[in-house]
Amino acid sequence: MVRPSVGSVSPNKADRKRIGIIAGRGELPVNLAQSLKARGENPYILLVKGEAREEDFADFPHESIVITKVGKFLKALNREGCGVVTLAGPVNRPDFRNLIPDMEGLRLLKRIGGALSKGDDGLMRAITGYLADKGFQIIGAHELSGSLVAEPGLIGSIEPEAEDWQDIHEGLQIVKAVGALDIGQAAVIRRKYVLAVEAAEGTEALIRRCGDFAWDYPAGVLVKLSKPGQELRADMPTIGPDTVEQIQAANLKGIAVEAGKTLIVNRERIRELADRAGIFVVAVTADQNLDQTQTLTQTPKGTDPS
């Protein structure tokens, strides 16, 4: 753990320009920290204990805090001069019955009491609203690193076939329906048959479940969208190289995500893994007409900081 010096002085609010990253699981917070560092920023990383891996942030100033110790998060952000805050990486909904909050945590609990019954997006809105009320500017990872956002088209050289487009079309309708109920962001469709719909378990567990129904040959598509009105600053849908590896392990054919509202972590690695495995990765708009076979191309980006 990298700790600040004992004699450090809290900057005035007007001087708080540093970016604080509240880091959950996965590659996104690491990728974002590296991208910010490459452009000369010095982000401070607050690891959610039990979620983010401390060894991944050895090259950055950081500390690990239990999610219910909200006062510690606020104190660290103020001490380190972080006026801008971004939440990056998924965090499991905590069991508040078994975690003792501090005083700020209790205040947050009062605010999120009703939000807990409104699904994950209601919870994230309550948390970001609470931080904003404390004087912090909340910025999404996509606003800090625009190169992470999916553009319409293919990532890689593998194109969906006619039956895949039908599955994508079916998947868009299913995911929009469950998203409107704040249930989940993804579904897996195979030959117009709904294999699985995401709920509290998250996308990785959703894909793993589909492995139990694997055919002798690759078939089926993961479709992932944002929910209507989703708090994208804190919870934008994300895929990375691990998603491609999970798709391959479950013997699925491809991934379809929402252009403009999905973060693509380590794009070049995704392209490499997908092409090698014969898996397609495509970004579409949520209302796109996909009744017929289509060919989409995506202009390769230059050097990707991810």
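The values are calculated or read from the model by the stated rules, or taken from the named source; none is laboratory data. Fair warning: this is a prediction, and the values are worked out from it, not measured in the lab. Backbone-built Cβ (ideal geometry, glycine too); neighbour counts: all protein chains shown. Accessible surface areas use protein heavy atoms only, side chains included; no ligands, DNA or RNA. Shrake-Rupley method; radii C 1.70, N 1.55, O 1.52, S 1.80 Å.
Go through region 131-172 and report how many residues are closer than 15 Å to residue 20 by Cβ, part of a helix (DSSP H, G or I) and either without any contact (Cβ under 8 Å) to a residue 24 or more places away in the chain or touching a Gly at 6+ places or on another chain (Cβ under 8 Å) (or both).
The total comes to 1.
In region 230-245, how many residues are open to solvent by 10 Å² or more (accessible area, probe 1.4 Å) and assigned to a loop (DSSP other than H, G, I, E, B)?
The number of residues fulfilling the criteria is 3.
Inside region 213-229, can you point out the residues that are surrounded by 24 or more Cβ atoms within 10 Å (Cβ to Cβ) and more than 22 Å from the chain's Cα centre (by Cα)?
Selection gives 220 alone.
Residue by residue, here is whether (1) out of contact with any strand residue (DSSP E or B) (no Cβ under 9 Å at 6 or more places or on another chain); (2) open to solvent by less than 20 Å² (accessible area, probe 1.4 Å); (3) outside any strand (DSSP E or B) holds:
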{"residue": "21", "(1), (2), (3)": "no, yes, no"}
{"residue": "34", "(1), (2), (3)": "yes, no, yes"}
{"residue": "40", "(1), (2), (3)": "yes, no, yes"}
{"residue": "56", "(1), (2), (3)": "no, no, yes"}
{"residue": "59", "(1), (2), (3)": "yes, no, yes"}
{"residue": "64", "(1), (2), (3)": "no, no, no"}
{"residue": "72", "(1), (2), (3)": "no, no, yes"}
{"residue": "75", "(1), (2), (3)": "yes, no, yes"}
{"residue": "78", "(1), (2), (3)": "yes, no, yes"}
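Could you run through region 246-272 and say how many residues are in a helix (DSSP H, G or I) and open to solvent by 10 Å² or more (accessible area, probe 1.4 Å)?
7
Checking residue 106 against (1) surrounded by 16 or more Cβ atoms within 10 Å (Cβ to Cβ); (2) more than 22 Å from residue 232 (Cβ to Cβ); (3) modelled with pLDDT under 95, which test does it fail?
Single failed check for residue 106: (1).
Just the residues that are crowded, with 23+ Cβ neighbours inside 10 Å and among the small types (Gly, Ala, Ser), please, taken from region 180-212.
184, 186, 187, 196
Within region 228-244, does at least one residue satisfy the condition of being closer than 19 Å to residue 170 by Cβ, of a type in the set (A, V, I, L, M, F, W, C) and at pLDDT 90 or above?
Looking for residues that are closer than 19 Å to residue 170 by Cβ, of a type in the set (A, V, I, L, M, F, W, C) and at pLDDT 90 or above, one finds none in region 228-244, hence no.
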